[in-house]
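Report on the structure given below.
The values are calculated or read from the model by the stated rules, or taken from the named source; none is laboratory data. Only a predicted model underlies this, so the values are computations on that prediction, with no experimental measurement involved. Positions of Cβ are generated from backbone atoms using ideal geometry, with glycine treated the same way; all protein chains shown enter the neighbour counts. Note: accessible area is taken over every heavy atom of the protein model, side chains too, but ligands, DNA and RNA are not part of it. Shrake-Rupley method; radii C 1.70, N 1.55, O 1.52, S 1.80 Å.
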Amino acid sequence: MASLKALVACGAAVVMTQATARSTEHLVAGAAAKPWLHEEEPLVRYAPQPHLCVTVADGDALELRACGGAYTERQRLFGALHRLGRSTLQLGGGCAAPAAETGNSSVRMAPCGGDSADEVFSFPTTGHGSIKLARSLDSEDELCLAPDMPAAEGAGVHLRPCAPKAQERQQAFLLPRAPPSEDGRSAFLGVNLGGWLILESWMWPAEMLSKHIHDEYSFIATHGGPASALAQEKMQQHWDTFLRPEHLDSLRRFGVTHVRIPIGYWIFDAVYAEEDGFVRGGEPYLARAIGWLKARGMRAVLDLHALPGGQARRQSFTGRQVNEEKFFLNDTEFARGKRSVEELVQLVLKYEADAATSGVVVGVELLNEPSHRHVERTKEFYSEMVPVVRRSLPADRYFVMLSFMDSPHSKSMDWIAEKIVADPGNWSGVVHDPHLYHLFG
């Protein structure tokens, strides 16, 4: 099973920017929708199981229920809670208050404005932690919101003595972060889920690096090739275990709102060929993860991390290490790469049409770390494919990430800025994705 450290490792600081010193005004004007900003859902999630939300139950008590769906209106926060600190807990049009003067009290919703001291709670300023009855903070026995144990769907939420530090996680909740802008949205916090749908040796050292296996192609070949039952079993087991719901729960507790998911072109049946040497079947696991993300109010960027022929030399992230970048040098591979982008768009539309996965994907990346030796060919690829993406994925809903490995990065940033100014209809919402390798100087 993957460690959290392995899941967030990506080998580069992923920084998305839409500005250069001389063209900021054009970039901002060209991307008024700003789909990369995150609109926090006005919910109180139970931190150990972020798919469960504090909900007004029948009889105006509080309980845990699956977030969204039929319970949405009973879970929606109102008022100024997003500013955190001390405030009322307004859910479903009422205010929470203790129903009895005991240390093990039920909480009930009532019209706001009654006994104001009983309606005020203290919220964690970080957006993650305990929710305490404010008036109890001046006593020896602080009272915290806490679900019945074991916490599960339908568990009641009460006021109980606050747990000691070793057990305080059982009483922790996730709250919306304070938005920095008037429209109530904030920049997202994201990590890269590397090493899952594309194997990279340094992210799975026990099975690869220590055995001198340097890429996914070699891993599969070592276990008999793509038609081998053993290779298929190995890959399916990896896809099934490397990313699990509890990993996403841990990320959500850290405040992560978005994930970048690297995928290889072989995930698309319309592009993959048997001679490519990869195992089919990763897409259902991706779809499952998109559903897990939706249940936790998280979002995703799908990143075409590897294209046919390889876009960089001697890199395991291309799926198969190559000595020359055949993606750029071979017209057939270049055309297959374009088809991969088209298939990526169709995959996003498929997820959007399914209630279990809709609303999760907010962006796509067309190419990861293309070789600096082929900057002009990279620009050619982007110039053709960005309008293709925009025909189906509009700028007010999806951003498009473009990666360059030029130095300095300002050259490619200026090129993107010029594209936005010249063709805002297609290039609005396009962002630059520089990977800053501080480690290597």
Number of the exception - S410 against (1) surrounded by fewer than 18 Cβ atoms within 10 Å (Cβ to Cβ); (2) closer than 20 Å to F334 by Cα; (3) small (G, A, S): (2)
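Buried (at least 20 other Cβ atoms within 10 Å of the Cβ) and assigned to a loop (DSSP other than H, G, I, E, B): which single residue out of V256, V279 fits that description? Give the steps one after another, and end with the answer.
Details: V256 fails: buried (at least 20 other Cβ atoms within 10 Å of the Cβ).
Checking each option against the conditions leaves just V279.
The rows are residues; the columns are (1) open to solvent by less than 70 Å² (accessible area, probe 1.4 Å); (2) of a type in the set (A, V, I, L, M); (3) at pLDDT below 90; (4) under 30 Å from E246 (Cβ atoms).
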| site | (1), (2), (3), (4) |
| --- | --- |
| T55 | yes, no, no, yes |
| A70 | no, yes, yes, yes |
| L84 | yes, yes, yes, yes |
| P98 | yes, no, yes, no |
| G103 | yes, no, yes, no |
| S116 | no, no, yes, no |
| T126 | no, no, yes, yes |
Residue within segment 374-391 that is in a strand (DSSP E or B), closer than 19 Å to V271 by Cα and either open to solvent by 10 Å² or more (accessible area, probe 1.4 Å) or of a type in the set (D, E) (or both) present: no
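Hey, could you check segment 328-349 for residues that are of a type in the set (V, I, T) and surrounded by 18 or more Cβ atoms within 10 Å (Cβ to Cβ) and say which is nearest to the chain's Cα centre (by Cα)?
Pass one, segment 328-349, residues of a type in the set (V, I, T): 332, 341, 345, 348.
Keeping just the survivors that are surrounded by 18 or more Cβ atoms within 10 Å (Cβ to Cβ) gives 341, 345, 348.
Working: V341: 20, V345: 18, V348: 15 Å.
Applying the filter and picking the extreme gives V348.
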Segment 233-274, subset over 17 Å from W204 (Cβ atoms), at pLDDT 95 or above and not aliphatic (A, V, I, L, M), residue nearest to the chain's Cα centre (by Cα): R260
Cβ pairs under 8 Å, 6+ apart, first in segment 54-71 and among the polar types (S, T, N, Q), second not in a loop (DSSP other than H, G, I, E, B): T55/L62; T55/E63; T55/L64; T55/R65; T55/Y71; T55/R74; T55/Q75; T55/L91
Filter result (in a helix (DSSP H, G or I) and touching a helix residue (DSSP H, G or I) at 6+ places or on another chain (Cβ under 9 Å)) within segment 259-276: Y265, W266, I267, D276
Output for segment 304-331, where each listed residue is assigned to a helix (DSSP H, G or I), under 22 Å from R280 (Cβ atoms) and either in contact with a helix residue (DSSP H, G or I) (Cβ under 9 Å, 6 or more places away or on another chain) or charged (D, E, K, R) (or both): S316, T318, K326, F327
All positions within segment 266-276 that are open to solvent by less than 30 Å² (accessible area, probe 1.4 Å) and closer than 19 Å to F219 by Cβ: W266, I267, Y272, A273, D276
Flag for Q311 being modelled with pLDDT under 95 and buried (at least 24 other Cβ atoms within 10 Å of the Cβ): yes
Qualifying residue in segment 382-400 (condition: closer than 18 Å to S371 by Cα, among the aromatic types (F, W, Y) and touching a Leu at 6+ places or on another chain (Cβ under 6 Å)): yes
Single condition A227 does not satisfy, out of (1) assigned to a helix (DSSP H, G or I); (2) open to solvent by 80 Å² or more (accessible area, probe 1.4 Å): (1)
Looking only at segment 233-247, and only at residues there that are touching a residue at least 24 places away in the same chain (Cβ under 8 Å) and more than 22 Å from F317 (Cβ to Cβ), the one that is surrounded by the fewest Cβ atoms within 10 Å (Cβ to Cβ): R244
